Amino acid sequence: MNLPIGVFDSGVGGLTVLRALRAVLPHEGFIYLGDTARLPYGTKSPESVVRYSIQAGDTLVEHQIKCLVIACNTASAVALNALRERYAPLPVVGVVEPGAKAACGASVSGRIAVIATEGTVRGGAYQAAIHAIRPEARVVAQACALFVALAEEGWIEGPLVEGIVRRYLEPIFATDIEAHPDCLLLGCTHFPVLKPVMETVLGSSVAIVDSAETTARRVRELLEQQGLTSSASQPGPIRLLATDGTSRFARVGSGFFGERIDEAGVELVDL
């Protein structure tokens, strides 16, 4: 089925999910919506997040999509069930469940660290999802607010960045190697661009799980199960929609997407 896959986020961080989706589903078409006029969702009430998510979802569903991907941790934690009920039987996939499942599979000891924004950590979605799969797991969650700013500015390497990453992560992993977490789950779509620095800081003893990559694999699995994969032999088209600031979307989003985004190719929409 050659209908596009719809993806939405509160801004440009979800472009890491789109990038991962395109890597595992190269022949699919995509429509990405960044609700840049109302970001971040993490500071909004649950009621507002559900309302914004439904508005974004409705906009994408109008484009005849075959699957909806919530590339936002806050929206995944708060609005996933509402969106699944509203659009059934359309497949709706969030980033929390696949990330938690992958972390549980990657951890040998059951000691898992989650880093995310303050809102995601405070809401406890990842902790709950991990314990639903591995009740005995020991989970430590850390808010890493500056990681978002670093990623937005495109500061993803160098001594300053490494120093900030160490400042956040070393308290979590300061214990003896036999006692500290053996898995780090990246619970924010901004964070994958900092993964190489995290690998340098933590070394090979810690598995780093990227929720963008695991979400993409889950989407591919669902499409294959339901016979919805594209029959195209060429790369599918990508449409980019934003609710505000197309210039900033293109400039900042290019770093998350991994290639240059032309401002002229970003469509301004009103939810």
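May I ask you to list pairs of residues, at least six apart or on different chains, whose Cβ atoms are under 6 Å apart, with the first in the stretch 244-271 being in the same structural domain as Ser53 (by TED's automatic domain parsing) and of a type in the set (Ser, Thr, Tyr) and the second being outside any helix (DSSP H, G or I) and buried (at least 16 other Cβ atoms within 10 Å of the Cβ)?
These pairs meet every condition: Thr246/Val266; Ser254/Ile261.
Could you list, ordered by first residue, the pairs with Cβ atoms under 6 Å in which the first is in the stretch 4-16 and over 20 Å from Glu62 (Cβ atoms) and free of Cβ contacts under 8 Å to residues at least 24 places away in the same chain and the second is among the charged types (D, E, K, R) and surrounded by fewer than 24 Cβ atoms within 10 Å (Cβ to Cβ), at least 6 apart or interchain?
Matching pairs, first to second residue: none at all.
Scan the stretch 198-219 residue by residue and report those that are in contact (Cβ under 8 Å) with a residue 40 or more places away in the chain, touching a Lys or Arg at 6+ places or on another chain (Cβ under 9 Å) and not hydroxyl-bearing (Ser, Thr, Tyr).
Of everything in the stretch 198-219, those that are in contact (Cβ under 8 Å) with a residue 40 or more places away in the chain, touching a Lys or Arg at 6+ places or on another chain (Cβ under 9 Å) and not hydroxyl-bearing (Ser, Thr, Tyr) turn out to be Asp210, Ala212, Ala216, Arg218.
Out of the residues in the stretch 102-135 that are part of a loop (DSSP other than H, G, I, E, B) and in contact (Cβ under 8 Å) with a residue 40 or more places away in the chain, which is surrounded by the fewest Cβ atoms within 10 Å (Cβ to Cβ)?
Val108
If Tyr52 meets every condition in (1) among the aromatic types (Phe, Trp, Tyr); (2) within 15 Å of Leu240 (Cα to Cα); (3) assigned to a helix (DSSP H, G or I) apart from one, which number is that one?
Condition not satisfied by Tyr52: (2).
Of everything in the stretch 60-101, what is buried (at least 17 other Cβ atoms within 10 Å of the Cβ), in a helix (DSSP H, G or I) and among the β-branched types (Val, Ile, Thr)? Give them in sequence order.
Hits for the stretch 60-101 are Thr74, Val78, Val96.
The values are calculated or read from the model by the stated rules, or taken from the named source; none is laboratory data. The structure presented is a predicted model; accordingly, all values stated were derived computationally and were not measured. Here Cβ is always computed from backbone atoms with ideal geometry, including for glycine, and neighbour counts include all displayed protein chains.
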